[in-house]
1. Among the residues of segment 111-129 satisfying the criterion of being of a type outside the set (G, A, S) and within 19 Å of K207 (Cα to Cα), which is surrounded by the fewest Cβ atoms within 10 Å (Cβ to Cβ)?
2. So in segment 250-276, with the set limited to residues that are of a type in the set (D, E) and in contact with a strand residue (DSSP E or B) (Cβ under 9 Å, 6 or more places away or on another chain), which one is farthest from L51 (Cα to Cα)?
3. Within segment 105-150, work out how many residues are in contact with a Lys or Arg (Cβ under 9 Å, 6 or more places away or on another chain), touching a residue at least 40 places away in the same chain (Cβ under 8 Å) and charged (D, E, K, R).
4. Of everything in segment 170-227, what is polar (S, T, N, Q) and over 18 Å from the mean Cα position of the chain (by Cα)? Give them in sequence order.
5. If you go through segment 139-157 one residue at a time, how many are of a type outside the set (A, V, I, L, M, F, W, C) and either exposed (fewer than 15 other Cβ atoms within 10 Å of the Cβ) or touching a strand residue (DSSP E or B) at 6+ places or on another chain (Cβ under 7 Å) (or both)?
6. Any residue in segment 169-181 that's farther than 18 Å from D231 by Cβ: show its pairings with residues that are part of a loop (DSSP other than H, G, I, E, B) at Cβ separation under 8 Å, as long as the two are six or more apart or on different chains.
7. If you scan segment 194-239, which residues turn out to be free of Cβ contacts under 8 Å to residues at least 40 places away in the same chain and either aliphatic (A, V, I, L, M) or farther than 20 Å from L117 by Cα (or both)?
Amino acid sequence: MKITDKTVDTGKLEWFYREAVPESPNDKPPILLLHGLPSQSYTWLPILNQLADNGFQAIAPDWIGSGLSDKPEKRDFAYTPQAYLEALTDLINTLKLDRLSIVVQGYLASVGIQYALQNSDRIEKLVILNTPLTPTAKLPWPMTQWTLPFVGDMATQDPLLIDRTLEGGSGFVVSDEKLDVYRRPYLKTSAVGRALMVTTKNLKLAKAMPEIESGLKSWSKPALIIWGMLDPWLVAEPVEQLVKANSQLELIKLPEAKHYPQEHWPDEIGAVLIPFLRRQVV
């Protein structure tokens with residue numbers, strides 16, 4: 001098993017991604033893991049290792065504007081959910097992922113759910129960790145600051161926003177080794193901060209959330225929701241109500257985890273994620 005760093009050009013944009021290649025592949029479709037803000041694919045490293053150890057091919061890209069992927073100016077890329085959806089579709093097609101399972105976590109990762117809802121024939125299974133799902137979801141104050149005139153310009157150029165956001169959302173200290181990786185793009189170019197500010201401004205949760213909630217209520221494929229119950233930004237109750245509305249949705253609660261559960265609870269996540277992905281689809 002090995003995890004390799006790769007890039008791919010879709011003809012419009014260049015994406016960076018990490019790919020886990022198992023030594024003994026199973027017969028399941030590849031897994032695509034999508035991170036939230038202001039993270040990058042590095043957040044999935046422990047999960048990628050677990051997936052590969054269990055025979056799964058897995059791919060975790062950096063979103064456009066994040067990590068080591070392209071960071072075009074907004075005149076060249078709109079940084080709206082629709083723009084991200086089109087770019088994600090191009091990536092999936094370029095990688096020839098004709099059938100796949102998708103794992104999402106965080107703000108912006110809801111675009112992955114939108115892709116699944118619009119392309120359900122290509123989706124084997126859907127896994128959701130602490131991602132906006134219902135109209136009650138709001139942008140938390142630390143991210144709202146990134147959208148404010150002048151304040152946002154300064155905040156998104158400060159590499160320490162990574163420390164404040166990841167540690168504030170997860171409720172635990174993130175190691176210096178990890179933070180060094182997350183900060184690195186901000187130290188190399190101001191483009192990543194500009195992309196983050198524009199992306200956050202354009203999230204428009206009030207428009208996307210009713211579509212996602214409605215789509216999940218009628219979702220007919222296996223779906224697993226793994227939820228950090230102490231998330232300070234996304235409360236669990238609306239998610240619990242959503243799960244009650246559709247028997248295809250399965251909820252696993254992580255009692256002590258918060259907004260970025262994969263950062264501190266990868267073993268607990270893997271313990272439920274791997275059996276779910278292995279389960280035969282009836």
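1. Q118
2. E256
3. Summing the residues that are in contact with a Lys or Arg (Cβ under 9 Å, 6 or more places away or on another chain), touching a residue at least 40 places away in the same chain (Cβ under 8 Å) and charged (D, E, K, R) in segment 105-150 gives 2.
4. S175, T189, S190, S214, S218, S220
5. 3
6. Taking only residues 6 or more apart or on different chains, the pairs are V181/Q40.
7. M229, A236, E237
Residue-by-condition table, conditions (1) of a type in the set (D, E); (2) surrounded by fewer than 18 Cβ atoms within 10 Å (Cβ to Cβ); (3) touching a helix residue (DSSP H, G or I) at 6+ places or on another chain (Cβ under 8 Å):
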{"residue": "L161", "(1), (2), (3)": "no, no, yes"}
{"residue": "S170", "(1), (2), (3)": "no, no, yes"}
{"residue": "S175", "(1), (2), (3)": "no, yes, no"}
{"residue": "R184", "(1), (2), (3)": "no, yes, no"}
{"residue": "L187", "(1), (2), (3)": "no, yes, no"}
{"residue": "G193", "(1), (2), (3)": "no, no, yes"}
{"residue": "E213", "(1), (2), (3)": "yes, no, yes"}
{"residue": "K217", "(1), (2), (3)": "no, yes, yes"}
{"residue": "P222", "(1), (2), (3)": "no, no, yes"}
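The values are calculated or read from the model by the stated rules, or taken from the named source; none is laboratory data. Keep in mind it's a predicted model, so treat the numbers as computed, not measured. Neighbour counts run over all protein chains shown; Cβ positions are idealised from the backbone, glycine included.
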